[in-house]
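Nothing in this text is a laboratory measurement; each read-out follows from the coordinates by a stated rule. Note that the structure is a prediction, hence the values are computed from the model and not measured. Neighbour counts run over all protein chains shown; Cβ positions are idealised from the backbone, glycine included.
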Amino acid sequence: MVLLAGLAGARGAARFGAVIEKPARGSVQATARVRLAPGLSHEVFEAHLRAIPAVRSAVYVIGDVDYELRLACRDLADLGVVLASLRGCQGTEVVSTALLLRDVEGLNRRVRSVPDWGTRPRPRQTRSA
């Protein structure tokens, strides 16, 4: 990240200098979709995930993959190391990886649970005369 800092010159003229900061962890964010081999237990894979600091969150899903991971890495080289570590867990396949560009603002609302329509009471019906 480059920050411009304003400096006052000897004659009052503005000068600008660049301050280059070391990128913070998480400057490259990605999602990875992982499929497990039938013989690999979820407990073993989740323990492996906990040992990788770049894994920010993981969701166990039903579909064409078993897990969706959110990763925060220093740079693309670090992302490559993290993906290699995921593949290093015997029986895992990283199906796809996508770089995240930005979060969508205004979605931090509380998530409501999906109602179970089978147990939800039905509204009363009234008869009109």
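Overall shape: prolate for region 28-99, with the ratio a/c of the largest to smallest alpha carbon gyration tensor axis at 1.5 or above and a/b above b/c.
Using the 10 angstrom Cβ neighbour count as an exposure proxy, how do 95, 59 rank, fewest first?
So the residues, fewest neighbours to most, are 59, 95.
In this simple spin-label approximation, residue 49 and residue 84 carry label points 7 Å from Cα along the Cα→Cβ vector, and these lie 2.3 nm apart.
Rounded to the nearest whole Hz, the Karplus-based 3J(HN,Hα) values (6.51 cos²θ - 1.76 cosθ + 1.60, θ = phi - 60°) of region 54-62 follow the sequence 6, 7, 8, 7, 9, 10, 7, 10, 10, with x at glycine and proline. Backbone amide hydrogens, once placed in the peptide plane, bring residue 66 within less than 5 Å of 34, 35, 36, excluding anything fewer than 5 places away on its chain. Residue by residue, region 77-94 carries 3J(HN,Hα) couplings of 5, 5, 4, x, 5, 5, 5, 5, 5, 5, 5, x, 6, 3, x, 10, 10, 7 Hz when phi is fed to the Karplus relation 6.51 cos²θ - 1.76 cosθ + 1.60 (θ = phi - 60°); x denotes Gly or Pro. Here each label is just a point 7 Å from Cα along the line to Cβ, and for residue 104 and residue 35 those points are 2.7 nm apart. For residue 27, nonlocal amide neighbours, meaning residues 5 or more places apart or on other chains whose placed amide H falls under 5 Å from its own, are 73. In order along region 38-48, the Karplus-derived 3J(HN,Hα) couplings, from 6.51 cos²θ - 1.76 cosθ + 1.60 at θ = phi - 60°, round to x, x, 8, 6, 5, 5, 5, 5, 5, 5, 4 Hz, and Gly and Pro are given as x.
The Cβ shell under 10 Å around residue 94 holds other residues with a net charge of +2, Lys and Arg each +1, Asp and Glu each -1. Database remark: amide H of residue 52 closer than 5 angstrom to no amide H (H placed geometrically; neighbours at sequence offset of 5 or more, or on other chains; Pro and chain starts carry no H).
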